[in-house]
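Any read-out appearing in this document is the output of simple, stated calculations on the displayed coordinates, not a laboratory observation. Remember, it's a predicted structure, so these values are computed and weren't measured experimentally.
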């Protein structure tokens, strides 16, 4: 897997549905379409500036420490980036 994709849909969460998520506010939950196959979607978090997000933006996976493991998150690529 290339670890790349595009934002298919997203929302900015501003209210914690559980107290355990209050420290993370605001955060972005997105549906990312993976580059390997049209229609192959992954529900994930997007890190970076939420104000700059848009449907169709290219993203790349990163692994963020989370307790005893690392979780995959996606970060928008700069326009014209070949990363």
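Shape of region 39-83 from its Cα gyration tensor (a ≥ b ≥ c, root eigenvalues): rounded if a/c is under 1.5, otherwise prolate when a/b > b/c, or oblate? Because a/c hits 1.5 or more and a/b exceeds b/c, region 39-83 counts as prolate. Largest mean-square fluctuation among 60, 70, 35, in a Gaussian network model of the chain whose springs join Cα atoms under 10 Å apart, belongs to 70.
For the chain, a Gaussian network of Cα nodes joined below 10 Å ranks 31, 42, 53 by mean-square fluctuation, and the top entry is 42. Working from Cα pairs under 8 Å separated by at least six residues, relative contact order for the chain is 28 percent.
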